[in-house]
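One structure below.
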Amino acid sequence: MTLAMRSLRMLAIWAATALAAHAQPIEPRLQVAELSPGVFVHRGVIEDWEPANEGDVANLAFIVGARCIAVIDTGGTPEVGRRWRAAVAAVSPLPICYVINTHAHPDHVLGNHAFQTAAPGADAEANPQFVAHARMPAALAARERYYLNALQRDFRVDLTHGDLVYPTLTVEVGQTLEIDLGQRVVELTAWPTAHTDHDLTVFDRQTRTLFLGDLLFVTHLPVIDGSLRGWVAAMDRLAQRPVALAVPGHGAASRDWPSVLRPQQRYFDALLTETRAAIKSHVTMQGAVKTVAREATQGWSLVDHFHERNVTTAFAELEWED
Ligand SMILES: [Zn+2]
């Protein structure tokens, strides 16, 4: 190699390195699959909400109408929200008219920020409506400090109160709100306390797709943050509905309705029966968490993260029942 060639080569390497250093990181869009016509779903990983997975753990979805798009949940960080919005834009140029939050848990709502296109008050028309259960704003407010701290401490993301997007449209408990995406009507139902005290389900009439949020867990152990008895009752009502495709908050979507509910029903049955038995025989809560429904956890993921907490919640709920 001549000296000239060598310096040319060095120059090429230097240029490539310099370019790489200054290049904007390419933001990969979240992966989506069209599970039914106009129904797109992103699968989160079956893990807890944590920096290792960038908070991308909840299933996210959107429905495309003739006029506009409804997005269902937004991901566990503003960054996931940006990647989610890019995925929506890559599928359709239509505007997003609704951003629906199934409930206030961080993996479902912290991407909201990426969907707020105009500053609040500046041009409200340019923003989608943010829709949730009527009790969701209070739940988000109660958790807000914890979310902002966890984002800063664990995810190294600085957000303030103003960056958290609260609903602009809410659905009262027991009510169903119909929204029209253009030749496509979607029903939003606000449930009594179950997974949380503010669960909202979404039903696309055209394809009979039911988006259950965290009223349904598949593979990922269900997490009770509301009421075990309320959740069992909600599942009994849900099972009556004619559903062609069920999209859970975590785990694979399924056309096996209502049998896709069964593993969760079995786990809850064991929790109810064995917690009641423990209370009746004066086992302490500390004792109960070590023994109750252990067998029923077989086949589920994240048992170590959530099972003892579920028993604690069930115990507190059932201790004072008639
Ligand atoms: Zn949840």
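What follows is calculated from the coordinates using simple rules that are stated; it is not laboratory data. All values derive from a computational prediction rather than experimental measurement. Don't worry about glycine lacking a Cβ; one is built from the backbone with ideal geometry, like all the others, and counts go over all protein chains shown.
Annotations
- Residue count for the range 71-113, restricted to those that are more than 16 Å from the ligand (Cβ to nearest atom) and either within 12 Å of the chain's Cα centre (by Cα) or not β-branched (Val, Ile, Thr) (or both): 19
- Residue check, residue 311 farther than 14 Å from residue 212 by Cβ and under 24 Å from the mean Cα position of the chain (by Cα): yes
- Residue count for the range 40-66, restricted to those that are within 16 Å of the chain's Cα centre (by Cα) and either among the polar types (S, T, N, Q) or within 19 Å of residue 205 (Cα to Cα) (or both): 8
- Residue among 245, 261 that is within 30 Å of residue 187 (Cα to Cα), in contact with a helix residue (DSSP H, G or I) (Cβ under 7 Å, 6 or more places away or on another chain) and not basic (Lys, Arg): 261
- Some residue of the range 171-189 being among the β-branched types (Val, Ile, Thr) and closer than 25 Å to residue 53 by Cα: no
- Strands (runs of 3 or more DSSP E) (entirely within the range 178-287) containing at least 3 residues that are buried (at least 16 other Cβ atoms within 10 Å of the Cβ) and of a type in the set (A, V, I, L, M): 185-190, 209-217, 245-250
- Condition met for residue 308 (free of Cβ contacts under 8 Å to residues at least 40 places away in the same chain, of a type outside the set (S, T, N, Q) and surrounded by 19 or more Cβ atoms within 10 Å (Cβ to Cβ)): no
- Each residue in the range 247-263 was checked for being away from the ligand (no atom under 16 Å from the Cβ) and either over 15 Å from residue 195 (Cβ atoms) or in contact (Cβ under 8 Å) with a residue 60 or more places away in the chain (or both), and 11 pass.
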